[in-house]
Every structure is written in structure tokens, then in C-alpha cells.
Amino acid sequence: DIIRTIRDPEKPNTLEELEVVTEGGVEVQEIGEDEYLVVIRFTPTVPHCSLATLIGLCLRIKLQRCLPFRHKLEIYISEGTHSTEEDINKQINDKERVAAAMENPTLREIVEQCVTEPE
């Protein structure tokens, strides 16, 4: 429910409407007392999607802000659905790269527009 309302950076649709995120791509496992591993797999609309890294960043930021429990978060592009999936998976799961991206005012503004709940 938390990620279904994230908007696509280019289109007026949500990631759920575009089938970039689906319920089947969300996995939650208990890894300790009151701690969970949340794994998200998303599918870009095209295999060369230039905004796949940004979409992964939006997923990460929204979940970090909204999950009401302690968690470890892993976000991946669905296997075989993007030409540079390995590189993008590394980027969106690297805390330092995520922090650096969110320090960029332009990038931060785009992420905020995508993750802000619709009125």
C-alpha cells in the first residue's frame, strides 16, 4: 500500500498503474524480533528505461519514511527486464550513493514530487 501511490517521474500515472510495481513483487520476511527484511522487485516499462535508478530511489525513500517497523530494505529490478539491471541494483542498494543522490537539490525535488501522497 505504501508504494502503490508513487508517481512515475515522466508520466501522470502511478507505478502501480503502469505495473512497474505489483503486489507479487513485494516480499516481507521476519529476520529478528520486530525486524523485517523487505524485498521489492520492480519492472521498468522498457528495457532501456533511463529513469529506473530514479524509480528505485523513490521506492527506497518512500519506504524508509513510511514503514512503521525496523527493517532492512532491498530493492531490485526484476531479473532480465533492464539492460543495465546489475549496475542499477548496486546503485539503489548502496547507502552512500542514495545519500549523495538525495543531497542533489534537483534530484531531491523530483523524488519528493513522486513520493508525495496525492491530495
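The values are calculated or read from the model by the stated rules, or taken from the named source; none is laboratory data. Nothing here was measured: the structure is a model prediction, and the numbers come from that model. Cβ: placed from backbone, ideal geometry, glycine included. Neighbour counts: every protein chain shown. Heads up: the accessible areas ignore ligands, DNA and RNA and are worked out on the full protein's heavy atoms, side chains in. Shrake-Rupley method; radii C 1.70, N 1.55, O 1.52, S 1.80 Å.
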Scaled by the rule-of-thumb 2.2 N^0.38 Å, the alpha carbon Rg for the range 1-71 gives a ratio of 1.15
Can you give the charge dipole size of the chain about its Cα centre, rounded to the nearest 20 debye, using +1 on the beta carbon of Lys and Arg and -1 on the beta carbon of Asp and Glu?
280
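At a 1.4 Å probe radius, carbon and sulfur cover how many percent of the accessible area of the chain? Present the calculation step by step, with values, prior to reporting the outcome.
Numbers: 3470 of 7270 Å².
The value for the chain is 48 percent carbon and sulfur by accessible area.
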For 95-108, 42-55, ranked highest to lowest by mean beta-carbon neighbours within 10 Å, the order is 42-55, 95-108
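Can you tally the net charge around Arg97? Count Lys and Arg as +1, Asp and Glu as -1, for every other residue whose Cβ sits under 13 Å from the Cβ of Arg97.
On the way: positive: Arg60, Lys90, Lys95; negative: Asp87, Asp94, Glu96, Glu103.
Residues near Arg97 contribute -1 overall.
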For the range 57-67, just list the computed ³J(HN,Hα) in residue order, Karplus coefficients 6.51, -1.76 and 1.60, θ = phi - 60°, integers in Hz, with x standing in for Gly and Pro.
5, 4, 4, 4, 4, 4, 5, 4, 6, 10, 5
Would you mind getting the accessible area per residue of the range 21-113, heavy atoms of the protein chains only, 1.4 Å probe, in Å²?
60
Towards the positive end of the charge dipole of the chain, with charges on Cβ (+1 Lys, Arg; -1 Asp, Glu), say which of Met102, Thr53, Leu18 has the farthest Cα.
Met102
So what is the 222 nm mean residue ellipticity for the chain from helices alone, if each DSSP H run of at least 4 adds -39500 (n - 2.57) and you divide by all residues, rounding to the nearest 500 deg cm²/dmol?
-11000 deg cm²/dmol
Mind checking which of Pro68, His82, Gln113 is farthest towards the positive end of the chain's charge dipole, using Cβ charges of +1 (Lys, Arg) and -1 (Asp, Glu) about the Cα centre?
Gln113
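Work through the residues other than Asn13 whose Cβ is under 14 Å from its Cβ and net out their charges, Lys, Arg +1 and Asp, Glu -1. Mind showing how you got there, number by number?
Details: positive: Arg4, Arg7, Lys11; negative: Asp8, Glu10, Glu16, Glu17, Glu19.
With Lys, Arg at +1 and Asp, Glu at -1, the neighbours total -2.
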Checked the range 21-113 with the C-alpha gyration tensor, a ≥ b ≥ c its square-rooted eigenvalues, rounded below a/c of 1.5, otherwise prolate if a/b is larger than b/c and oblate if not; verdict oblate
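Restricting to Cα pairs below 8 Å that are 6+ residues apart, what does the relative contact order work out to for the range 21-113? Please round to a whole percent.
Working: 110 pairs, mean separation 25.6, N = 93.
RCO, the range 21-113: 27 percent.
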How big is the antiparallel share of DSSP beta bridges in the range 21-113, given as a percent to the nearest 5?
45
